[in-house]
Amino acid sequence: MKSKQSWQDPSRYVRQIHVEESCMDLPYTKQILERAGLPVTVIPDRAEPSGVEGDYPANLLNGKRHLLLCKNRGHFFKPCPGTREYRCCDYQVLNIGMGCPMDCVYCILQAYLNKPWLSFFVNTADLFNEMETAFSHEPERFFRVGTGEFTDSMGLDRITRLSPQLVEFMATRKRAVLELKTKSGVIDHLEGLDHNGRTVVAWSLNSTRVMQKEEIRTATLDERLAAAARCARWGYKLAFHFDPIILHDGWEDGYRETITRLFRAVPAEQIVWISLGALRYLPALKTIGTGRFPHSRIFYQEFIEGLDNKKRYFRPQRVELYRHIYSLLQKMAAPETCIYFCMESDEIWQEVMGYLPEEKGGIPEMLDRTVR
């Protein structure tokens, strides 16, 4: 169960910072260390931090207390790793780091990554150069860019302060938009920025029961909605993600409550998109999740293997979940808000929404229209 302590800012779980030797002299590294005020260990490049004993994933709880500041020696900017068997939204991932100080029972990163500590990439000059090159190479393309694929966009932002840099960089891009997706309430340093409407601030939402039991060290629903309301007052566009939608006792009322509270808290006309996605996971995640979180029951329902080799609810169950939530959203959302499925089949689109994405230009075009 989640502690009664507020976890609006999950970076406070970090207790030790490790820095690759070649990164110590970077001005950005020095700024992060000064803001964090935590013990620092300098390690050789490509070395592993000390103090995280045991085998993965049993050492994840302790590992999330350790933050490694290092270089990204691969690509920062790449397409979302969707699968061709289900409808993808053509999202572009900006990889700012690996791992998250929060600890959601269903988090796919537990099975996708194999290192217990958090990593954050400090060679940001390379990051911005890579984005600039990508935008210049395809000047007619519209880019939707997000930092929340391999980490939470704002989970470490109190000490890294990367998001304000990204917001100001994207403000001058006419054919790109940035999405900052989070389960935190860390948004104070987004105030007063000249974002020019090119940044969407987004929150993952769920029923309060799921948030309390399955989303450890995350902001409460009240805290997330209060943060969203502040961002709306600062002129940011908003987005929300009901993903993963989880079957549980009282799920109908649980999702109704969350959706009702959402539209009471923020202006509907500032929400550009809302995604829906039912629980799905790599088979390895069940072993990891049940071992780390024996109190959770979410993996003990019936699942089938989808076309992408992930476990999914049976199609009739997914349709029932989606129809209920979609009908609630349709009643409250603004006509311009794009409500869409993340990684679902044509059959689900047709059964629940009554049309196929191609009839409206495809998912990427549907989303792009809302922010152009």
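Values computed for the structure shown
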| item | result |
| --- | --- |
| Viscosity 1.567 mPa s, 4 °C: Kirkwood-radius Stokes-Einstein D of the stretch 12-126 over Cα pairs, µm²/s | 84 µm²/s |
| Percentage relative contact order, the chain, counting C-alpha pairs under 8 Å, at least six apart | 17 percent |
| Of every Cα-Cα pair in the stretch 83-154, the percent that sits beyond 13 Å | 73 percent |
| Cα Rg over Rh - the stretch 47-192, Kirkwood | 0.97 |
| Distance histogram in 10 Å bins (all Cα pairs of the stretch 146-266, percent per bin) | 13, 46, 30, 10, 1 |
| Listed residue pairs exceeding 20 Å between alpha carbons, taken from K213/K286; K30/K115; K181/K331; K181/K286; K183/K310 | K30/K115; K181/K331; K181/K286; K183/K310 |
| Local electrostatic count at L61 - Lys and Arg +1, Asp and Glu -1, tallied over other residues with Cβ under 9 Å | +2 |
| Net charge over other residues, Cβ less than 13 angstrom from the Cβ of E149 (K, R count +1; D, E count -1) | 0 |
| Summed side-chain charge close to G250 - residues other than G250 whose Cβ falls under 15 Å, Lys, Arg +1, Asp, Glu -1 | -2 |
| Computed label-point distance, nm, for sites L356 and N309 using a 7 Å Cα→Cβ extension | 2.7 nm |
| Cα centre as origin, Lys/Arg/Asp/Glu Cβ charges: the chain dipole, Debye | 680 debye |
| Two-decimal log10 I(q)/I(0) for the stretch 302-372, as the Debye equation yields it once each C-alpha is a single scatterer, q = 0.22 Å⁻¹ | -1.07 |
| Debye intensity ratio I(q)/I(0), log10, the chain, q values 0.08, 0.09, 0.15 Å⁻¹ (C-alpha model) | -0.39, -0.50, -1.51 |
| Value in Å of the Kirkwood radius, where the stretch 246-308 supplies the Cα pairs that are averaged | 14.6 Å |
| Residue order, fewest to most surrounding Cβ atoms within 10 angstrom, among R312, R15 | R15, R312 |
| C-alpha center-to-center spacing [the stretch 277-338, the stretch 187-208] in angstrom | 25 Å |
| Taking H75, H295 and counting other C-beta atoms within 10 Å, the order from fewest to most | H295, H75 |
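Every number in this text was worked out from the coordinates using simple rules, so none of it is lab data. No experiment lies behind these values; they were computed from the predicted model shown. Heads up, the Cβs are rebuilt from the backbone with ideal geometry, glycines too, and the neighbour counts pull from every protein chain shown.
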